[in-house]
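Everything on this sheet refers to the single structure shown next.
The values are calculated or read from the model by the stated rules, or taken from the named source; none is laboratory data. These numbers were taken from a predicted model, which means no experiment stands behind them. Every residue, glycine among them, receives a Cβ derived from its backbone with ideal geometry; neighbour counts consider all protein chains shown. Please note that ligands, DNA and RNA were not included when accessible areas were found on the heavy atoms of the full protein model with its side chains. Shrake-Rupley method; radii C 1.70, N 1.55, O 1.52, S 1.80 Å.
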Amino acid sequence: MEIERKFLVDAVPPGDHPRRALEQGYLAVGEDGVEVRVRRADATTTLTVKSGSGLVRVEEEIPIESARFESLWPLTEGRRVVKTRHLVPLDDGLTAEVDVYEGALAGLLTAEIEFPSTEASRAFTPPGWLGREVTGDERYANRTLALRGAPRQPV
């Protein structure tokens, strides 16, 4: 189970934050919100199944060998997201994962914060650098960004 909130941001906050390169491609995306993707985060490769949308989702992540990733990656052509993820520490031991998108999504920046409980997510007061909240806005789901690109204009 993952509990997270998502925000738009204008820039990565100042500081020397750890970061990693991410490539993810979608093998299958169902109309019911189920998705199957492969991801390479630096040298780590995984297969992930997610279901649901909004604040609380079911997620199962399975490590796969690099060779398996390479054999599945071509099957995601036209359904990919490439980004650099910056890990920005927040209060209460939380971390904002600030994603700076590349390619066709260049210029889009989002931040996701994962919480230990729905209560913690409700109690969270976003720092000023976080912009408009887009939790549950399907236009900003990574699967939608991979399939349809960035929304024309934030609403």
_Can you compute the modelled spin-label distance between residue 77 and residue 43, with each label point 7 Å from Cα toward Cβ, in nm?_
3.0
*For residue 73, what charge total do you get from the other residues with a beta carbon under 13 Å from its beta carbon, if Lys and Arg give +1 and Asp and Glu give -1?*
+2
*Mean residue ellipticity (222 nm) of the chain, computed from DSSP H runs ≥ 4 via -39,500 (n - 2.57), nearest 500*: -3000 deg cm²/dmol
*In nm, give the distance between the simple-model label positions of residue 28 and residue 55, each being 7 Å from the Cα along the Cα-to-Cβ direction.*
3.0
*How big is the Cα convex hull of region 1-132 in projection, averaged over all directions, in nm²?*
8.6
*Accessible carbon and sulfur surface of region 1-119 relative to its total accessible area, %, 1.4 Å*: 52
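Write down the accessible area per residue of the chain in Å², having rolled a 1.4 Å probe over the full set of protein chains.
In whole numbers, the chain has 54 Å² accessible per residue.
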*Which order do the peptides 58-67, 83-92, 32-41 take when ranked by the mean count of other beta-carbon atoms within 10 Å per residue, highest first?*
32-41, 83-92, 58-67
_Estimated FRET transfer efficiency (residue 123, residue 65; beta-carbon r; R0 25 Å; 0.05)_ = 0.05
_Inter-site label distance for residue 106 and residue 11 at 7 Å from Cα along Cβ, in nm_ = 1.9
*Could you give log10 I(q)/I(0) at q = 0.13, 0.26 Å⁻¹ for region 78-132, computed by the Debye formula over C-alpha point scatterers of equal weight, without solvent?*
-0.39, -1.06
